[in-house]
Amino acid sequence: MIGRLVAFLLIFAAASLSSVVQEACAADLEIKRAWSRVAPPGAPVLGGYLSITNSGVEPDRLIAVSSPISDNVQIHASAINDGIATMRQVTDGVAIPPGQTVEFEPGDLHLMLLNPKSRPGEGEKIPLTLTFEKAGRFDVELVVARSPPEVANEHQDHMQ
Ligand SMILES: [Cu+2]
């Protein structure tokens, strides 16, 4: 009985050790260009756009998104069917393959914050938590803007 318990504890210790290693890999994900378009008063949804780069060697998966200003943040995919723009909710997460960047942008994959409790104005920020299968939770801020952040700004951010 005691032998079994020791074996169990050893397995448990090994398991928690591997989760520590996985957390270290969190640095393999980089989230950039996080923004939201200025919404009109009373808008029923806010859009969220960002890019996620996986510079590691393991695939990861975005599995959940949350925000204090919306009880329901969804991942959507846009498509054009018979000339009509449509979107559907993506419920099984989004793969972030190693060595690749996945873009969430208008007219493509995007985030939607349903029934927002507030609609921040231009230049304000919307807190967002992204949960990845392996890398865990990332807190980011969507900057509210009228158009996507310039690539030039992105380079400036890099130099800081
Ligand atoms: Cu949508």
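What follows is calculated from the coordinates using simple rules that are stated; it is not laboratory data. Note that this is a predicted model, so its numbers are computed, not measured. Backbone-built Cβ (ideal geometry, glycine too); neighbour counts: all protein chains shown.
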Phi-based couplings in Hz for region 80-90 (Karplus 6.51, -1.76, 1.60; Gly and Pro marked x): 10, 10, 6, x, 10, 6, 10, 9, 10, 7, 9
Which value, to two decimals, describes the C-alpha radius of gyration of region 27-148 once divided by 2.2 N^0.38 Å? 1.03
Need the list of lysines near LYS125 for cross-linking: C-alpha distance under 24 angstrom, and skip anything on the same chain fewer than eight residues off. LYS32, LYS117
Report the semi-axes of the equivalent ellipsoid for region 60-120 in whole Å, largest first, where each axis is √(5λ) for an eigenvalue λ of the Cα gyration tensor. 20, 18, 10
Nitroxide proxy distance, nm - points 7 Å out along Cα→Cβ at ALA64 and THR131: 0.1 nm
Take PHE132, PHE104 and order them by how many other Cβ atoms sit within 10 Å, fewest up front. PHE132, PHE104
Amide H proximity to ARG61 below 5 Å, modelled H, separation 5+ or other chain, gives ILE96, GLU133, LYS134, ALA135
